[in-house]
Amino acid sequence: MSELKRLDAGHAPAVLAFELANRTYFAASVSDRGDAYFDRFADRYDALLAEQEAGICAFYVLVAEDGSVLGRFNLYDLEDGTAGLGYRVAQRVAGRGVATATVRELCRLAASRHGLRTLRAAAAHENAASQKVLTNAGFVPVGPADPADLGGKPGVWYQRDLTLRQPQSAVSPTG
């Protein structure tokens with residue numbers, strides 16, 4: 001059984017292991033973070049925690065029973081009841097409903113814990129898996145995304161109104 005947890009300092013080794021183990025997999029659908037990200041991981045991680053502490057962002061990790069990270073789920077630019085959503089899941093759980101179930105759970109937390117009313121997420125045209133996750137989690141397309149928002153790739157912005165009741169699904173985070 002996996003658990004969605006708020007990012008904290010203790011997750012750093014598992015997050016780094018997750019990013020390194022899935023780097024090639026992620027680069028196939030989103031921009032690679034680059035060597036500098038990994039070279040300065042500790043500094044960047046501390047900066048994320050500072051942003052979270054300041055209330056600008058809220059970062060979550062999906063943690064497996066063995067303590068490994070199965071996914072990262074981020075709420076960023078929290079302002080006026082709205083935030084952006086970003087996420088990535090490990091290759092070993094991709095295609096099993098894990099991302100969809102966890103995005104749904106994060107939507108619930110976004111409303112109940114963070115007081116958000118609207119979430120937005122961008123997906124590249126070529127990233128059909130992410131588009132499917134967003135659609136299955138109750139997001140609707142609202143317009144084109146600037147390639148600058150997607151690492152130079154064209155795409156679509158999706159949005160979900162968190163004040164509307166969404167249908168429940170039988171998909172579990174463990175697939």
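The values are calculated or read from the model by the stated rules, or taken from the named source; none is laboratory data. Bear in mind the structure is a predicted one, so any value in this text is a computation, not a measurement. We place every Cβ from the backbone using ideal geometry, glycine too, and count neighbours over all the protein chains shown. For the accessible areas, the whole protein counts, side chains as well, though only heavy atoms, and no ligand, DNA or RNA atoms are used. Shrake-Rupley method; radii C 1.70, N 1.55, O 1.52, S 1.80 Å.
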Check your understanding: Is the stretch 92-142 best put as rounded, prolate or oblate by its Cα gyration tensor, with a ≥ b ≥ c the root eigenvalues, rounded for a/c under 1.5, and otherwise prolate when a/b is larger than b/c, oblate when not?
Key -> oblate
Review point. Shape call for the stretch 37-175 from the C-alpha gyration tensor, a ≥ b ≥ c root eigenvalues: rounded (a/c under 1.5), prolate (a/b greater than b/c) or oblate?
Key: rounded
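Rounded to the nearest 5, what % of the DSSP beta bridges within the stretch 20-161 are antiparallel ones?
Restricted to the stretch 20-161, the bridges split so that about 90 percent are antiparallel.
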Check your understanding: Over what distance in Å are the Cα centres of the stretch 129-158 and the stretch 54-77 separated?
Key -> 20
Check your understanding: So what does Cys107 come to for accessible area, using a 1.4 Å probe and Å² rounded to 10?
Key -> 0
Practice item. Would you kindly find the accessible area of Thr135, with a 1.4 Å probe and non-protein molecules such as ligands, DNA and RNA excluded, rounding to the nearest 10 Å²? Key: 80
Point to revise | Within the chain, longest stretch clear of exposed GluC sites (Glu not before Pro) (DSSP loop, no more than 16 other Cβ within 10 Å) | key: 1-64
Revision key, fill the gap. Among trypsin sites (Lys or Arg not before Pro) in the stretch 73-175, those in a DSSP loop whose Cβ has at most 13 other Cβ atoms within 10 Å are Arg113, Arg165
Point to revise | Residue-level accessible surface for Ser29, protein heavy atoms, 1.4 Å, Å² | key: 40
Exercise for review: Skip the ligands, DNA and RNA, and give the accessible area per residue of the chain with a 1.4 Å probe, whole Å².
Suggested key: 52
Practice item. Kindly write out, for the stretch 40-50 in residue order, the coupling ³J(HN,Hα) from the Karplus curve 6.51 cos²θ - 1.76 cosθ + 1.60 (θ = phi - 60°), rounded to whole Hz, with x marking Gly and Pro. Key: 10, 3, 4, 5, 5, 5, 4, 5, 4, 4, 5
Review point. Taking the chain as a Gaussian network, Cα atoms linked when under 10 Å apart, which of Val142, Val61, Val15 shows the biggest mean-square fluctuation?
Key: Val142
**Study point:** Charge-dipole axis of the stretch 30-145 as Lys and Arg at +1 and Asp and Glu at -1 on Cβ define it, positive-most pick from Gln131, Ala54, Asn74
**Key:** Gln131
Exercise for review: Tally up the carbon and sulfur contribution to the accessible surface of the stretch 1-111 as a whole percent, 1.4 Å probe, everything protein left in place.
Suggested key: 50
Practice item. Pull out a ≥ b ≥ c, the square roots of the eigenvalues of the alpha-carbon gyration tensor of the stretch 44-119, then state rounded if a/c is under 1.5, prolate if not and a/b is larger than b/c, and oblate in the remaining case. Key: oblate
